[in-house]
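These notes concern the structure reproduced below.
The values are calculated or read from the model by the stated rules, or taken from the named source; none is laboratory data. Not measured: the values here are computed from a predicted model. Don't worry about glycine lacking a Cβ; one is built from the backbone with ideal geometry, like all the others, and counts go over all protein chains shown. Each accessible area value is taken on the protein alone, full model and side chains, heavy atoms only, with ligands, DNA and RNA left out. Shrake-Rupley method; radii C 1.70, N 1.55, O 1.52, S 1.80 Å.
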Amino acid sequence: MCGIAGAYQFHGSGIPDSAVETGLSLMEHRGPDGSGMYRDDEVILGHRRLAIIDLKTGDQPIANEDMSVRVICNGEIFNYVELRAELKKQGHRFSTTSDIEVINHLYEQYGTDFLSRLNGQFALALWDMNARRLILARDRFGIAPLFYAYRGPSLVFASAVKALTPMLGKPRIDPEGLCQVFTFWNTVAPRTIFKDIYQVRPGECIIHDRGGRKSFLYWDIGFPPAGMHDVTNRDEAMEGIRETLGEATAIRLRADVPVGAYLSGGLDSSILTALVKRHTPVMETFSVSFQDPAYDESAFQQAMGQRLGTRHHVAKVSYDDISRIFPEIIRHTEIPVLRTAPAPMYMLSRLAQDHGIKVVLTGEGSDEVFGGYDIFKEAKIRRFWSRMPASKYRPRLLFKLYPYSPVQMKRSGQLLISFYRTDLMETDHFGYSHLPTWRNTSSIREYFHDDFKEALKGYDPIEELRAHLNPDFSLWHPLNQAQYLEMKLLLAGYLLSSQGERMAMANSVEGRYPFLDHRLAEYAARISPALKLRGLKEKYILKRAFMDQLPPEIFSRTKQPYGAPNKECFFLDGRPKDGIQEFLTSDALRETGIFNPAGVARLVEKCAASNRLGFRDNSALVGVLSTQILTRLFCG
């Protein structure tokens, strides 16, 4: 991955080179190995390079044979070897061995259809000098970021919002964007948290020329109509998964630098590590351990590293570590977060960098593609319960997901049932699977200042989301609908951004995601939901596919979602720590004008007095704190 920035000058409006250069300098962490720039009378293309493939001749911008097409790209094209051979047969000549050069020649050969031929993770800008056309595009799942805005008649774009500020000035918080974060944990593309700054949607192509602007989605995940899945045989599905995931992993090992892997001790990273070991006998793996035993999985990680024969390294994370680096985390996320989980991932990528690793394979996407989240099981239970809403027994299935001790059952169990009973009968709602989570998260919007609430009067983020659904959404099986929402919301906007790509690139490390190979996702979409979620057994078919290749404890251990301590990191001896308190004072809150100082003061008092908090209070604290930090860093 790298960093790109540039401008398209409508009618020669004049974004100065220096503004783009300054933007590039603010992304040095994304590309510490070099920089390059191209300019003509209409376009500026700037690039910062993290050298991974073709270390000697792969500098960008890269041009075609007659210099009429130039491209800058943040990312990797994994199938470049096959594309290069195909294009050479068609008469194209190459001047580098870079994976990115295939983009120019694919565009020459196929026009904007070139995007559908790429297997990779990328955000690119391509300039066609003859047509006076600028193309911006982003990979199918939105792994690589790409932001843009309009300054008068000019379009400016970059891999990071901070790189746009020299061209735009200080941005402002968008109330509707923040409302989305406090509902979905992120914004719905193309919206961002900043007013008048947008992001290219996953799988989108935007074309600017003298005739104006047009955009289209060249890809979106889709599913067959309910009951029409054509992969229903277990053995067939297992074979298809093994073959496709094996290929996806192999091509993601293409690099001229060492490749490592994150090893959490769970199913997904263990599968990937086992697949990588087929190609790389000696392998470096990395994981996070926590001072707080409630979050620590180091015993599983160490055991799996030993079983798979890797050189395993551990980043040990304390409460103080998280609070100390939290402002730096928000500088890189460029969006508020509702939990501290990105911070340990930042420390993990730094550990990889310290051991000379520029590329890591990681297991994101498996839960979305194969049905691994509790939210999928919750929705299945709630639909079953809704057919007999008066039943005393059906809601007790929830206890299988969240078991409590007998002493706690009466109190906590009834709270659990009460929580999921709300919206129980709204089974026709497009977001039925996610309504409890959205409702719970949106409750923390009560901390907004009254004036801020007034600016949002009449705005419904869920209705805005509805407008972005796949046209065939209503025809799909409920599990597929829930998978789609996870892919469009939490995966693209949070896991792959705030917690994934941004934290890796903060330390000049590129994450690669074999489970998000579009061929695997498309194949998995054809698999019957009954093979993904078998009763309440998540990822059934994925587990069966690799059961004979991994130690049995991988399949017998209870699934533990990745998480990190929240409130505990920011308080010491009953008060906010130094460096945190300054963002939560009444003066600081009045200055930003987003939150109600009295309400936040009560929240801080509750945090100081309680040893452990529930989801709502933890999310509110981290959300308020990260918003305050973001506003100071970016808005002044």
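The rows are residues; the columns are (1) among the β-branched types (Val, Ile, Thr); (2) open to solvent by less than 10 Å² (accessible area, probe 1.4 Å); (3) free of Cβ contacts under 8 Å to residues at least 12 places away in the same chain; (4) over 18 Å from LEU536 (Cβ atoms).
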| residue | (1), (2), (3), (4) |
| --- | --- |
| ALA303 | no, no, no, yes |
| SER323 | no, no, no, yes |
| GLY356 | no, no, no, yes |
| VAL369 | yes, yes, no, yes |
| PHE376 | no, yes, no, no |
| TRP385 | no, yes, no, no |
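Can you tell me which residues in segment 146-197 are of a type in the set (Val, Ile, Thr) and open to solvent by 20 Å² or more (accessible area, probe 1.4 Å)?
THR165, ILE173
Taking the residues in segment 569-579 that are charged (D, E, K, R) and out of contact with any Leu (no Cβ under 9 Å at 6 or more places or on another chain) as candidates, determine which candidate is surrounded by the fewest Cβ atoms within 10 Å (Cβ to Cβ).
Out of the qualifying residues, it is ASP573.
Among the residues of segment 507-527, is there at least one that is farther than 30 Å from TYR484 by Cβ and among the aromatic types (Phe, Trp, Tyr)?
Scanning segment 507-527 turns up no residue that is farther than 30 Å from TYR484 by Cβ and among the aromatic types (Phe, Trp, Tyr).
State which residue is least open to solvent (accessible area, probe 1.4 Å) when the search covers only segment 387-405 and only residues that are in contact (Cβ under 8 Å) with a residue 12 or more places away in the chain and aliphatic (A, V, I, L, M).
LEU398
Name the strands (runs of 3 or more DSSP E) wholly within segment 15-93 that hold at least 3 residues that are closer than 21 Å to HIS105 by Cα and within 27 Å of the chain's Cα centre (by Cα)?
Qualifying strands (runs of 3 or more DSSP E): 43-48, 69-77.
Read through the list (1) touching a strand residue (DSSP E or B) at 6+ places or on another chain (Cβ under 6 Å); (2) farther than 23 Å from PRO327 by Cβ; (3) hydroxyl-bearing (Ser, Thr, Tyr), then give the number of the only condition that SER508 fails.
(2)
Could you run through segment 196-250 and say how many residues are under 21 Å from the mean Cα position of the chain (by Cα), within 26 Å of LEU178 (Cβ to Cβ) and not aliphatic (A, V, I, L, M)?
6
Please specify each residue of segment 7-50 satisfying the condition of being open to solvent by less than 30 Å² (accessible area, probe 1.4 Å) and either of a type in the set (A, V, I, L, M) or on the phi > 0 side of the Ramachandran plot (or both).
Within segment 7-50, ALA7, ILE15, ALA19, VAL20, LEU24, MET27, GLY34, VAL43, ILE44, LEU45, LEU50 meet the criteria.
Can you tell me which of SER95, SER116 is under 15 Å from GLU204 (Cβ atoms), open to solvent by 10 Å² or more (accessible area, probe 1.4 Å) and of a type outside the set (Asp, Glu)?
None of the others qualify; the one that does is SER116.
Being assigned to a helix (DSSP H, G or I), among the charged types (D, E, K, R) and more than 30 Å from HIS449 (Cβ to Cβ) narrows it down to one of LYS543, LYS606, so name that one.
Only one candidate qualifies: LYS543.
So TYR107 passes all but one of these: (1) over 30 Å from ILE462 (Cα atoms); (2) free of Cβ contacts under 8 Å to residues at least 60 places away in the same chain; (3) in a strand (DSSP E or B). Which condition number does it fail?
For TYR107, the exception is condition (3).
Whether any residue in segment 325-342 is open to solvent by 30 Å² or more (accessible area, probe 1.4 Å) and more than 30 Å from GLY579 (Cα to Cα) is what I want to check.
Checking segment 325-342: not a single residue is open to solvent by 30 Å² or more (accessible area, probe 1.4 Å) and more than 30 Å from GLY579 (Cα to Cα).
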